[in-house]
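The values are calculated or read from the model by the stated rules, or taken from the named source; none is laboratory data. Not measured: the values here are computed from a predicted model. Counting neighbours? That spans all protein chains shown, and the Cβs are built from the backbone with ideal geometry, glycine included. When the accessible area is computed, the model is the full protein with side chains, heavy atoms only, and any ligands, DNA or RNA have been set aside. Shrake-Rupley method; radii C 1.70, N 1.55, O 1.52, S 1.80 Å.
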Amino acid sequence: MVILTLNCGSSSAKYQVYDWDNKDVLASGVVERVGQSGSVITHNAKGKDEYVQESACPTHKEAIELIIATITDKNIGVIEDMSVIKAVGHRVLHGGDKFTKSVIVTPEVLDTFREVQDLGPLHNPANIMGIEAAQKVLPDVPHCAVIDTAWHQTMPDTSFMYAVPYEWYEKYHARRYGFHGTSFLYTAKRASVILNKKPQDTNIIIAHIGNGASMCAVKNGKCFDTTMGITPLEGLVMGTRSGDCDPALPFYIMRKTGMSAAEMDTALNKKSGLLGITGKYVDRRDVQGALEKGDERARLAQDMECYRLRKYFGAYLAAIGPIDAVVFTAGVGEFAYQVRAKACAGLEHLGIKIDPEKNKLARTRNAETCISADDSKIKIFVIPTDEELVMTEDAYALMMGTYDVHTNFTYSFQSKDYVNKARAEGLKKDLEKNPALKNILAI
């Protein structure tokens, strides 16, 4: 049995082809620059060389068609035809407050995604288009929506409400929703395994740091609070997003410059964050390189990003009480040891003490590592996320009728014996290059 997962972003479409019976990834890839000139697919199939090809994709419909043509190609593909695919899992950014778990897509479900798409204007239209395009090719298999906001529906009202006129919540659903839910679900469950605790007995703080970044306070295995809000703009300093700022600031700048609301929305989402401070850099590697060459604005940008992380660590410790571990995940969280080091600096009095040498070693997507000092009261883990696996397992369980909300459902990766085959092979190579890595493996 083969399950396809699709993650359609505003200008990209990621995919994975998963062999359920052998618990193995057959292929994964991404179509980038959808809707722009120079659209390109990068395809990685098991046992084959990477394949890169430019192909025009004016919309996500063409991107889905390109993915299907690639995975079924006789030379570079991994399946003979689409009939072997028995379910499709789709990532959906925003489900409002309508969903507490993944669902099989129905016309009514799609209508709900449309109703709330103004809450996720960059992603929801692309998510919907991806679902509709895939349904046309595979009309007879279940299409399952795995929703970013679902994980956060366990937040108490003191966490998700804003102190604004209550009718805004009643009429316009103005509240905190949170994102990166699939990543938080995976890393929270894996942290419980590493800690040898049941999810309901686990308290952790997770920092998902990529171009977009957010944190989640997990109390008794469930989301208690998160940094992103009604949209993904609130919270941490990100690649191009401002994160927290005085709500009056946009109005002040609009009065001074004559900017429109649309222009301000673009400025805060696409021209702020690290890019806004440095004037030129979004990628943390570029920021680090410029910092090392003496670029003061790059230093300021990184210091601001790490201070915001550190501030939320303290806030969430106060919010949920004693915690078992701090978890770093996503591209920056998994590789940027400088960001991790600065984010944890000065937290020793709170029981969070990083080991500098362990931290530098932890730069792999193939292993879960422990980078806390031996005498740290609170563990610090780096757990590579696996959103695609959550999507795959949700799709399979929905297809089989065995799925339930995550507090009543057990994933394969909650087992002590769970092994990701692709990452296990990668870890072997990592250990050959750097044997010392074995000393920081978390499990």
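What is the sum of charges, Lys and Arg at +1 and Asp and Glu at -1, for the other residues whose Cβ falls under 14 Å from the Cβ of ALA217?
Details: positive: ARG176, LYS219, LYS222, LYS311; negative: ASP225, ASP324.
Around ALA217, the charge tally is +2.
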- line: For SER37, placing the label point 7 angstrom along Cα-to-beta-carbon and taking the range 54-69, residues whose amide nitrogen sits under 18 Å are 54-59
message: With unit charges on the beta carbons (Lys and Arg positive, Asp and Glu negative) and the dipole taken about the Cα centre of the chain, which residue among GLN200, ALA145, CYS306 sits farthest to the positive side?
response: CYS306
field: Phi to ³J(HN,Hα) by Karplus 6.51 cos²θ - 1.76 cosθ + 1.60 over the range 398-407, Hz, x for Gly, Pro
entry: 5, 5, 8, x, 10, 7, 8, 3, 4, 6
task: Please get the size of the charge dipole for the range 237-389, origin at its Cα centre, with Cβ charges of +1 on Lys and Arg and -1 on Asp and Glu, quoted in debye to the nearest 20.
output: 480 debye
- request: Out of all DSSP beta bridges with both ends in the chain, state the antiparallel percent to the nearest 5.
  value: 65 percent
query: Dipole size in debye (nearest 20) for the chain around its Cα centre, Lys and Arg Cβ +1, Asp and Glu Cβ -1?
result: 1160 debye
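Local charge sum around THR392 (other residues, Cβ-Cβ under 12 Å, Lys/Arg +1, Asp/Glu -1)?
Working: positive: LYS23, LYS86, ARG91; negative: ASP19, ASP24, ASP386, GLU387, GLU388, GLU393, ASP394.
Charge balance near THR392 sits at -4.
Suppose every Lys and Arg Cβ carries +1 and every Asp and Glu Cβ carries -1, with no other charges. What dipole size does the range 164-301 come out with about its Cα centre, to the nearest 20 debye? Walk me through the numbers before you get to the answer.
Working: 20 positive and 14 negative charges, 77 e Å.
Dipole of the range 164-301, to the nearest 20 debye: 360 debye.
Would you mind working out the accessible area per residue for the chain, using a 1.4 Å probe, and quoting it in Å²?
Numbers: 19790 Å² over 443 residues.
Each residue of the chain exposes 45 Å² on average to a 1.4 Å probe.
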Candidates per GluC sites (Glu not before Pro) in the range 71-180, loop by DSSP, up to 14 other Cβ within 10 Å: GLU80
message: Can you compute 3J(HN,Hα) from phi for each residue in the range 102-119, using the Karplus curve 6.51 cos²θ - 1.76 cosθ + 1.60 with θ = phi - 60°, rounded to whole Hz and x for Gly and Pro?
response: 5, 9, 6, 6, 10, x, 5, 5, 4, 4, 5, 4, 5, 4, 9, 5, 6, 7
message: Straight-line reach from LYS197: which aspartates and glutamates fall under 13 Å, measuring Cα to Cα and dropping same-chain residues less than 8 apart?
response: ASP324
- line: Residues whose modelled amide H sits under 5 Å from the amide H of SER12, counting only those 5 or more places away in sequence or on another chain, are VAL34
- prompt: Past the 23 Å Cα-Cα mark, which pairs from LYS189/LYS311; LYS219/LYS360; LYS379/LYS416; LYS46/LYS428; LYS23/LYS46; LYS222/LYS379?
  reply: LYS189/LYS311; LYS219/LYS360
query: How high is the relative contact order of the range 305-412, in percent, with contacts defined as C-alpha pairs under 8 Å that are six or more residues apart?
result: 24 percent
- prompt: Taking the Cα centre of the chain as the origin and placing charges on Cβ (Lys, Arg +1; Asp, Glu -1), which of GLY96, PRO356, PHE381 is farthest toward the positive end of the dipole?
  reply: PRO356
In sequence order, calculated HN-Hα J values of the range 174-179 (Karplus, 6.51, -1.76, 1.60; Hz; x Gly/Pro): 6, 6, 7, 10, x, 9
statement: Charge dipole of the range 235-287 built from unit charges on the beta carbon (Lys, Arg +1; Asp, Glu -1), centred at mean Cα; most positive-end Cα among GLY279, MET264, ALA248 is GLY279
statement: With only helices counted (DSSP H, runs n ≥ 4, each -39500 (n - 2.57)), the per-residue ellipticity at 222 nm for the chain, to the nearest 500, works out to -11000 deg cm²/dmol
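At a 1.4 Å probe, what is the % contribution of carbon and sulfur to the accessible area of the chain? Before the final figure, lay out each step's value.
Working: 10180 of 19790 Å².
Carbon and sulfur atoms account for 51 percent of the accessible area of the chain.
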- prompt: Which of the lysines could a cross-linker bridge to LYS61, judged by Cα under 16 Å and excluding same-chain residues fewer than eight apart?
  reply: LYS14, LYS136
query: When the C-alpha atoms of the range 326-416 are aligned to their principal axes, what extent does each axis show, in angstrom, from largest down?
result: 48, 23, 21
query: Summing Lys, Arg as +1 and Asp, Glu as -1, what charge do residues with Cβ under 15 Å from the Cβ of ALA290 carry, ALA290 excluded?
result: -1
message: If R₀ is 41 angstrom, what is the calculated FRET efficiency for the pair ASP111 and MET254, using the beta carbon separation as r and rounding to 0.05?
response: 0.75
message: Averaged across orientations, what area in nm² does the convex hull of the alpha carbons in the range 167-252 project?
response: 6.8 nm²
